[in-house]
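Scroll down for the structure; my scribbles are underneath it.
The values are calculated or read from the model by the stated rules, or taken from the named source; none is laboratory data. Fair warning: this is a prediction, and the values are worked out from it, not measured in the lab. Counting neighbours? That spans all protein chains shown, and the Cβs are built from the backbone with ideal geometry, glycine included. We work out accessible area using only protein heavy atoms, side chains counted, and drop any ligands, DNA or RNA first. Shrake-Rupley method; radii C 1.70, N 1.55, O 1.52, S 1.80 Å.
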Amino acid sequence: MLKHIKKNTNDFDYPDKVLDFDMLDLDSPVIFFTGENGSGKSTLLKVLADLSGSIDLGKSLDSMMYEFSSDSFSLAWSRVLRKGYYFQSEDFYLYLKDSFKEREDNKAMLKEAEERYGDRRSLGYYLETGMHRGNTEAMDGIVQEYLYASHGEGYIRFFQSKLREATLYLLDEPETPLSFQNQLTLIKLIDETVKKGSQFIICTHSPILLSYPGAKIIHFDEGIQEIQYKDHPLVHDYKRFLENPERYYHYLLSDEE
């Protein structure tokens, strides 16, 4: 499990200028990063992904920032975990898009190979068509399982397929495609995996996810500090709105200047 991240420089370039700390305690099974967009929470998550060697499911991290962050930060571990995953909510759809394209490409290559070989008894025919047929069936299985499930269910299934014991998971706003019920399902999956020795560090705007019992919440605002769930401004904002939405709409939708 990660113990802490230490900042080795105090440059004024990105990402140092938005990550205002000397050392940040990460010694907890579940950690949430919160704050407004642009506050630095996703940047720090990417730095952690780079330094920990996590698998980027979307292959979208900025390699220039990688090189910089590797020199500027260092990690300490209290217990070494398996190579983990860095997962943004949009990665699921990129994965489906790539799987669909690979299926169609292999279909085309299978058809081309079948037309090219005159002797269908040849070893070359069996090897080439067998490879493309196998790839097509594998990709079709993925597309069938995830693409044709409901919006949130497919996402949950995909996420669940990556869960294993003693692994680091870095999640950037996983609640984005999820309903209230599916966010609760996500919490249950996280809890089951934590009990198997894994660690989760999650950027979120969801007060539902933040309520996970015993989680460490690190808030990015004017500085970076730990905050309790009951004191979190996000929790207060949602609570005030749900208790009296009419009050907000009175000002939001008023014709008065």
ask   = So, in the stretch 209-245, of the ones that are assigned to a helix (DSSP H, G or I) and within 14 Å of residue 36 (Cβ to Cβ), which residue ends up least open to solvent (accessible area, probe 1.4 Å)?
value = 234
message = Considering only residues that are farther than 20 Å from residue 137 by Cβ and modelled with pLDDT under 80, which ones fall in the stretch 113-127?
response = 118, 119, 121
query = Does residue 232 satisfy the condition of being modelled with pLDDT of 90 or more and closer than 27 Å to residue 194 by Cα?
reply = yes
task = For the stretch 182-206, enumerate the residues that are on the phi < 0 side of the Ramachandran plot, in a loop (DSSP other than H, G, I, E, B) and open to solvent by less than 30 Å² (accessible area, probe 1.4 Å).
result = 198, 204, 206
query = Within the group 110, 81, 96, which residue is out of contact with any Asp or Glu (no Cβ under 6 Å at 6 or more places or on another chain), surrounded by 14 or more Cβ atoms within 10 Å (Cβ to Cβ) and modelled with pLDDT under 80?
reply = 96
query = Does any residue of the stretch 206-219 turn out to be among the basic types (Lys, Arg), touching a residue at least 60 places away in the same chain (Cβ under 8 Å) and under 29 Å from residue 78 (Cα atoms)?
reply = yes
query = Among the numbered criteria (1) over 19 Å from the mean Cα position of the chain (by Cα); (2) under 28 Å from residue 20 (Cβ atoms), which single criterion is violated by residue 242?
reply = (2)
ask   = Which residues, counting only those in the stretch 6-42, are modelled with pLDDT under 90 and part of a helix (DSSP H, G or I)?
value = 16, 17, 18
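Tally time: how many residues in the stretch 118-144 are surrounded by 15 or more Cβ atoms within 10 Å (Cβ to Cβ) and hydroxyl-bearing (Ser, Thr, Tyr)?
Total meeting the criteria: 3.
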